[in-house]
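**Q** If you scroll down you'll find the structure; I have some questions about it.
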Amino acid sequence: MNIFEAIILAIIEGITEFLPISSTGHMIIGSSVMGIAEDDFTKTFTIAIQFGAILSVVAIYWKQFFQTINFYLKLIAGFIPAAIIGFLLDDYIDALLENVIVVAVTLLLGGIVLIYVDKWFAKTEESGTSVVTYPTAFKIGLFQCIAMIPGVSRSAATIIGGLAQKMNRKAAAEFSFFLAIPTMLAATCYKLLKFYKAGGGFHGEEITLLIVGNIVAFIVAIIAIKAFISFLTKHGFKYFGYYRIVVGIIILVLYFMGIELTIV
């Protein structure tokens, strides 16, 4: 991986991590087109730069993190289901991650769902709440577990989970961002720990690439989150649904053309 490829992947991460369009699907396309999907460092890089994306949420919503302890307890309540299921099914999830067809199909199915989400929750948008209770946080956490299936999108699953708990779109999206912090941080640390236990390490240019990647992911994610909230409030989910379907079709076309696709 060179500096240009690192920046491209970081841009993809920053844009797609918090949008309901599946960062996994985009990483497959990006890394495969650039011919670096098979590189072991690429796989670790895409995990490590999630830290930059996480920091973007803190930077935008920093005032939220100076609230009462209840704010953090609700995040823990939402995080618990993914923590338990992720630990118990880690090997099974890794096996799913090796199946590109699973990603393509879930992108397509998820796209269809997003096209109709606005109609399903039209009344919720008009009278929905912005208050997150402990039961609400936990139930959204259960929805987050669905995103362990590659291609589902953690953002899409948790936002729909919020809508199902009668939250409005903006509040559901923002809680999705907050819940991403413990979830992504735990997943990133766990994967990096496994990498180091397997004898991995970063040297020389790789450290530079990681620094650049995190900075780029941080900046791009800030822009993406702000744009997403504005777009979501005005237009809803259907355009993201159409986009997911297109990405799913692209992956299937590349796969059946015989182009090597690897999930990073």
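**Q** Nearest 10 degrees, 0 to 90: what angle lies between the long axis of helix 69-88 and the longest principal axis of the chain (Cα atoms)?
**A** For helix 69-88, the angle is close to 50 degrees.
**Q** How many times 2.2 N^0.38 Å is the alpha carbon radius of gyration of the range 45-185?
**A** Scaled against compact globular proteins, the figure is 1.06.
**Q** Next up: Once you have the Cα-Cα distance between residue 249 and residue 142, take 0.36 nm times their residue separation minus that, and quote the gain in nm to one decimal.
**A** 35.7 nm
**Q** List 66, 202, 231 from most exposed to least, where exposure is judged by having the fewest other Cβ atoms within 10 Å.
**A** Lowest count first: 66, 231, 202.
**Q** What percent do you get for the relative contact order of the range 1-48 when only Cα pairs under 8 Å and 6+ apart count?
**A** 40 percent
**Q** While we're on this one: Zone of residue 189 (label point 7 Å along Cα→Cβ, backbone N under 20 Å): which residues in the range 68-91?
**A** 69-91
**Q** Grab the beta carbon distance between residue 259 and residue 235, set R0 = 35 Å, and tell me the FRET efficiency rounded to 0.05.
**A** Working from the Cβ atoms, E equals 0.60.
**Q** Let me ask something else about it. Which values of log₁₀ I(q)/I(0), to two decimal places, follow from the Debye formula for the range 196-236 at q = 0.16, 0.24, 0.25 Å⁻¹ with a uniform point scatterer at every Cα?
**A** The calculated log intensity ratios at q = 0.16, 0.24, 0.25 Å⁻¹ are -0.59, -0.80, -0.82.
**Q** A further question on this structure: Between residue 166 and residue 62, with labels modelled 7 Å along Cα→Cβ, what's the label distance in nm to one decimal, could you check?
**A** Each label point is offset 7 Å from its Cα along the Cβ direction, giving 3.6 nm.
**Q** Per Stokes-Einstein, at 4 °C and 1.567 mPa s, what whole-number D in µm² s⁻¹ belongs to the range 153-264, with the Kirkwood radius over Cα pairs as the hydrodynamic radius?
**A** 76 µm²/s
**Q** Let me ask another. Over its Cα atoms, what ratio of radius of gyration to 2.2 N^0.38 Å does the range 178-218 give?
**A** Here the Cα radius of gyration is 1.34 times the empirical estimate.
**Q** Also, I was wondering about something else. So which GluC sites (Glu not before Pro) in the range 49-158 pass both tests, a DSSP loop state and at most 11 other Cβ atoms within 10 Å of the Cβ?
**A** 98
**Q** Right, another one. Nothing charged except the Cβ atoms of Lys and Arg (+1) and of Asp and Glu (-1): what's the magnitude of the dipole of the range 156-264 about its Cα centre? Round to the nearest 20 debye.
**A** Computed about the Cα centre, the dipole is about 560 debye.
**Q** Next question. Taking the dipole about the Cα centre of the range 3-256, with the C-beta of Lys and Arg at +1 and of Asp and Glu at -1, give me whichever of 100, 114, 243 is farthest to the positive side.
**A** Of the options given, the answer is 114.
**Q** Still on this structure, please answer the following. What's the magnitude of the charge dipole for the chain around its Cα centre, counting Lys and Arg as +1 and Asp and Glu as -1 at the beta-carbon? Answer in Debye, nearest 20.
**A** Magnitude of the dipole: close to 1200 debye.
**Q** Same structure again: Which entries of 166/234; 123/170; 139/238; 191/238 have Cα-Cα distances beyond 26 Å here?
**A** 191/238
**Q** Of the options 165, 10, 152, report the single residue whose Cα projects farthest towards the positive end of the charge dipole of the chain (beta-carbon charges: Lys, Arg +1; Asp, Glu -1).
**A** The one lying farthest along the dipole's positive direction is 165.
**Q** Also, quick follow-up: Starting from the 7 Å offset along Cα-to-Cβ, what nm value, one decimal, do you get for the label separation of residue 127 and residue 206?
**A** Each label point lies 7 Å from its Cα, and together they span 5.7 nm.
**Q** Additional query: List 230, 127 from most exposed to least, where exposure is judged by having the fewest other Cβ atoms within 10 Å.
**A** Least to most surrounded, the residues fall as 127, 230.
**Q** Related question: For the range 214-264, what D do you get in µm² per second when you plug the Kirkwood radius from alpha-carbon pairs into Stokes-Einstein at 4 °C and 1.567 mPa s?
**A** Value of D from the Cα-based Kirkwood radius: 97 µm²/s.
**Q** Would you mind pulling out the separation of the Cα centroids of the range 143-170 and the range 204-263, in Å?
**A** 17 Å
**Q** Could you run the Debye sum over the Cα atoms of the chain, one equal point scatterer each and no solvent, and tell me log10 of I(q)/I(0) at q = 0.07, 0.13 Å⁻¹, two decimals?
**A** Taking Cα atoms of the chain as identical point scatterers yields -0.23, -0.82.
The numbers here are math on the coordinates, done by the rules we state, and not lab data. Quick caveat, the model's predicted, so the values are computed rather than measured. Please note: Cβ atoms are built from the backbone with ideal geometry, for glycine as well, and neighbour counts cover all protein chains shown.
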